[in-house]
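The values are calculated or read from the model by the stated rules, or taken from the named source; none is laboratory data. In this text, all values refer to a predicted model and were calculated from it rather than measured experimentally. Heads up, the Cβs are rebuilt from the backbone with ideal geometry, glycines too, and the neighbour counts pull from every protein chain shown.
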Amino acid sequence: MITLPALPYAYDALEPCVSRRTLTLHHKKHHAAYVDKTNELIDGTALADADLETIIRQTYGDEDQTKLFNQAAQAWSHAFYWQSLSPDGGGKPHAAFDSVLADSFGGFDVLREALVESAVGHFGSGWAWVTLEGGALKVRDTHDAVPPFCEGDAVPLLCIDVWEHAYYLDYQNVRPDYVKAVIDELLNWEFAAANLRAGGR
Ligand code: MN3
């Protein structure tokens, strides 16, 4: 049984970058539906008591389990996305990133540009991520529901939801404005730093 995690801030806390209306619908309708459908699909199966990460790893690439994979992966990624944002976020990364940023990108401006390009350039629905891979920072995008740990050993540090439901009410078709607002005003580098430490860097 999977539960819908509460948002770590109020529904209006991310305004003006993400409106109360968007955040309310996104959490109470989209995220809640992914959780509910996951529970319907695992009920009475061997995965009934598994956590989301286990469900995702066990169903990834299995054609008979595509429905469950998609719902569970979206449930996991949305919980990660809420934590990737903060009303006090944005700006320069936490000092914990100084050396790994210098090694991997040369500096924050280069990573920021790569993240903008990845999030804006992803065709259709998906996610943009900052990950730790082989001790280095990477920026990557994944399609539809796939979290980055399905593709190799990537440890997710931060994510941006680039499905249209994440921004359409606030920005219509102008995804670049949403992406830049999230990166510059909302990204939670404290959360990313905790993930970086857990990833061993
Ligand atoms: Mn979403």
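Remarks
- Scan segment 43-60 for residues that are over 25 Å from Leu158 (Cβ atoms) and either small (Gly, Ala, Ser) or within 16 Å of the ligand (Cβ to nearest atom) (or both) and the total you get is 4.
- Applying a threshold of 8 Å to beta carbon distances and a minimum spacing of six or more residues, or different chains, the list of pairs starting in segment 39-63 at a residue that is not assigned by TED's automatic domain parsing to the domain that holds Phe149 and ending at one that is surrounded by 10 or more Cβ atoms within 10 Å (Cβ to Cβ) and basic (Lys, Arg) reads Leu41/Lys67.
- Residues being away from the ligand (no atom under 16 Å from the Cβ), in a strand (DSSP E or B) and farther than 28 Å from Leu68 by Cβ are represented in segment 127-136 by at least one member.
- Hey, Thr66 part of a helix (DSSP H, G or I), among the hydroxyl-bearing types (Ser, Thr, Tyr), over 18 Å from Met1 (Cβ atoms) and not assigned by TED's automatic domain parsing to the domain that holds Val130 or not: yes
- Number of residues in segment 139-180 that are more than 14 Å from the chain's Cα centre (by Cα), more than 16 Å from the ligand (Cβ to nearest atom) and in contact (Cβ under 8 Å) with a residue 12 or more places away in the chain: the value is 4.
- Checking each residue in segment 139-188 for being charged (D, E, K, R) and part of a strand (DSSP E or B) picks out Arg140, Asp141, Asp161.
- Restricting attention to segment 48-76 and to residues that are crowded, with 19+ Cβ neighbours inside 10 Å and over 17 Å from the mean Cα position of the chain (by Cα), the residue that is nearest to His27 (Cα to Cα) turns out to be Leu68.
- Only listed residue being within 16 Å of the ligand (Cβ to nearest atom), part of a helix (DSSP H, G or I) and under 15 Å from the mean Cα position of the chain (by Cα), chosen from Ala79, Ala33: Ala79
- The one condition from (1) touching a helix residue (DSSP H, G or I) at 6+ places or on another chain (Cβ under 8 Å); (2) at pLDDT below 95; (3) not polar (S, T, N, Q) that Gly152 does not meet is (1).
- Every condition in (1) in the same structural domain as Pro156 (by TED's automatic domain parsing); (2) surrounded by 14 or more Cβ atoms within 10 Å (Cβ to Cβ); (3) touching a residue at least 24 places away in the same chain (Cβ under 8 Å) is met by Phe108 except one, and the failing one is (3).
- Given (1) touching a helix residue (DSSP H, G or I) at 6+ places or on another chain (Cβ under 9 Å); (2) touching a residue at least 12 places away in the same chain (Cβ under 8 Å); (3) within 16 Å of the ligand (Cβ to nearest atom), number of the condition Leu101 does not satisfy: (3)
Let's see how each residue does on (1) touching an Asp or Glu at 6+ places or on another chain (Cβ under 9 Å); (2) among the aliphatic types (A, V, I, L, M); (3) within 27 Å of Asp177 (Cα to Cα):
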| residue | (1), (2), (3) |
| --- | --- |
| Arg21 | yes, no, yes |
| His27 | no, no, yes |
| Ala50 | no, yes, no |
| Ile56 | no, yes, no |
